[in-house]
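Structure, as structure tokens:
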Amino acid sequence: MGKVAVGAAVVCSAAVCAAAALVVRHRMRCSGRWARAMAILREFEENCGTPIGKLGQVADAMTVEMHAGLASEGGSKLKMLISYVDNLPSGEENGLFYALDLGGTNFRVIRVLLGGRDGGVVKQEFEEVSIPPHLMTGSSDALFDYIATALANFVATEGEGLHPSPGKQRELGFTFSFPVGEDVVGELTKAMERVGLDMRVSALVNDTIGTLAGGRYYNPDVIAAVILGTGTNAAYVERAQAIPKWHGLLPKSGEMVINMEWGNFRSSHLPLTEYDQDLDVESLNPGEQIFEKIISGMYLGEIVRRVLLKMAEEAAFFGDTVPPKLKIPFILRTPHMSAMHHDESSDLRVVGSKLKDILEISHTSLKMRKAIVELCDIVATRGARLSAAGIVGIIKKLGRDAVKDGEKQKSVIAMDGGLYEHYSKFSTSMESTLKELLGEEVSDNIVIKLSNDGSGIGAALLAASHSQYLEVEES
């Protein structure tokens, strides 16, 4: 009887040992996977590093490229386009002006009544119009006829006392944010003639220059505008004499707005990773817009997805099978990333719900969610700090990176774009990096100002500052 009991005990303990071994192996395998996932994350973090010395090199490289782009066409990856906007709004503009803000699948028509130095913007009205899908792929005549008709209908709603004086044309600022070979002003002008609308296009600008104009109208210390949204760009006010490739007569104002097209900036100092390189190769414009691909809202969420995919494939981060949705490019958008990054709940439930709703990943531990928040932080912080370095490059080019003889000259940067406006951890990081790069004394004189929807009203203000009737009124 004793022998049987002993035998049973031996068999039993063997089973327990086998089960324990399985548990140990499972834990070892899990810990091995976790260690591999963390190794991928740590390597990515290291390659995304933006120490202050590197950011200084990026800022200096931006300044060098700005000089090169102003010296000659094609002299730099920065196009440094001469905008022919040489007369920014001063706040003294008077009268009724229109703007057309065209971008994506809709456009806005805007009406602004200006009351001079004391009156400011007396009245502002706008209407948003969707473009039917068939017009997006049809002829340009049909598209511009549709736009001109909507503009004419909007003009028809002018209130009493808003009509222009007899013999005067209405004037329009046109914000058009796509680089095109077409003569968009000519196309729009012909379309307006076809629908019987007597209106002159006084200014053609992109959204960045519109933001600069809107900012300058309210604050004469505005020197530059930066868009940080789905895409990114910067424009600034340059001394006309500092533009070697300018061969025309110098403008009366002595100034010229330069559209930098800074999304195309690239430098060996940019901290690029394997994920950035793969994203670039697979993009529609490989080798172009490198700066934009690491700082703008179009791409930040996609970079997070690519790192998560590698963690899933090489470290079984989400289990034995790779979640199919995680393989879909651009499925994880930057607003999703921002929501996860800003999750302050104790169990990171927002992270859990985003993973479930977008990627169909149901079971994630708190430890995994914390790692994902950290990944979002790495990507956003790199983008924010590099954006700050770009702004410092502009400030250096304008010689405003030092306080001279104790003077307290303010330099205001007008900002617009959803990434800057809504992703607060991004904007906070960008602003603290500016202070870090410039030092306390200089940064006290640099002001970052949100110019919400500056581009639309900015186009109307530019129509006013480039009015064909200005010289007549002044003489």
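The values are calculated or read from the model by the stated rules, or taken from the named source; none is laboratory data. Owing to the predicted nature of the structure, the values given are computational and were not obtained by experimental measurement. Don't worry about glycine lacking a Cβ; one is built from the backbone with ideal geometry, like all the others, and counts go over all protein chains shown. Surface accessibility is based on the protein's heavy atoms, side chains included, excluding ligands, DNA and RNA. Shrake-Rupley method; radii C 1.70, N 1.55, O 1.52, S 1.80 Å.
Just give me the residues in region 190-239 being among the hydrophobic types (A, V, I, L, M, F, W, C), over 18 Å from Ala464 (Cβ atoms) and touching an Asp or Glu at 6+ places or on another chain (Cβ under 6 Å), in sequence order.
If the condition is that a residue be among the hydrophobic types (A, V, I, L, M, F, W, C), over 18 Å from Ala464 (Cβ atoms) and touching an Asp or Glu at 6+ places or on another chain (Cβ under 6 Å), then Ala191, Ile227 are the ones that fit.
When you scan region 79-101, how many residues do you find that are open to solvent by 10 Å² or more (accessible area, probe 1.4 Å), hydrophobic (A, V, I, L, M, F, W, C) and either under 19 Å from Asp145 (Cβ atoms) or not in a loop (DSSP other than H, G, I, E, B) (or both)?
4
If we keep just the residues of region 143-164 that are on the phi < 0 side of the Ramachandran plot, outside any helix (DSSP H, G or I) and not charged (D, E, K, R), which is most open to solvent (accessible area, probe 1.4 Å)?
His163
Could you list all residues from region 403-442 that are open to solvent by 30 Å² or more (accessible area, probe 1.4 Å) and over 28 Å from Ile378 (Cα atoms)?
Within region 403-442, Val403, Lys404, Asp405, Gly406, Glu407, Lys408, Gln409, Lys410, Glu441 meet the criteria.
When the residues of region 52-98 are filtered to those that are in contact with a Ser or Thr (Cβ under 8 Å, 6 or more places away or on another chain), at pLDDT 95 or above and among the small types (Gly, Ala, Ser), which remaining residue is farthest from Val185 (Cα to Cα)?
Ala61
Filter region 66-78 for residues that are within 20 Å of the chain's Cα centre (by Cα) and in a helix (DSSP H, G or I) and give the result.
Within region 66-78, Met66 is the sole residue that qualifies.
As an exercise: evaluate Phe176 against (1) farther than 22 Å from Val121 by Cα; (2) under 32 Å from the mean Cα position of the chain (by Cα); (3) surrounded by fewer than 18 Cβ atoms within 10 Å (Cβ to Cβ) and give the number of the one condition it does not meet.
The number of the failed condition is (3).
Pairs needed: first member in region 192-203, more than 18 Å from Ala463 (Cβ to Cβ); second member anywhere, in a helix (DSSP H, G or I); C-beta distance under 6 Å; at least 6 residues apart or different chains.
That search, which allows pairs on different chains as well, returns Val195/Ala148; Val195/Thr149; Val195/Ala152.
When you scan region 383-475 for helices (runs of 4 or more DSSP H) that lie fully inside it, which ones turn up with 3 or more residues that are among the β-branched types (Val, Ile, Thr) and either under 18 Å from Gly210 (Cα atoms) or modelled with pLDDT of 95 or more (or both)?
Those helices (runs of 4 or more DSSP H) do not exist here; none qualify.
Would you mention how many residues in region 327-371 are hydrophobic (A, V, I, L, M, F, W, C) and either out of contact with any helix residue (DSSP H, G or I) (no Cβ under 7 Å at 6 or more places or on another chain) or open to solvent by 60 Å² or more (accessible area, probe 1.4 Å) (or both)?
Final tally of qualifying residues: 5.
Under 7 Å between Cβ atoms, at least 6 apart or on separate chains: pull out the pairs that start in region 308-325 with a residue that is under 15 Å from Ser365 (Cα atoms) and modelled with pLDDT of 95 or more and end on any residue that is open to solvent by 20 Å² or more (accessible area, probe 1.4 Å) and not in a helix (DSSP H, G or I).
That search, which allows pairs on different chains as well, returns Ala312/Phe318; Ala312/Val322.
Every residue, every condition in (1) modelled with pLDDT under 95; (2) among the aromatic types (Phe, Trp, Tyr); (3) open to solvent by less than 20 Å² (accessible area, probe 1.4 Å); (4) out of contact with any helix residue (DSSP H, G or I) (no Cβ under 8 Å at 6 or more places or on another chain), yes or no:
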| residue | (1), (2), (3), (4) |
| --- | --- |
| Ile258 | no, no, yes, no |
| Gly263 | no, no, yes, no |
| Arg266 | no, no, no, no |
| Asp278 | no, no, no, no |
| Val281 | no, no, no, yes |
| Pro286 | no, no, no, no |
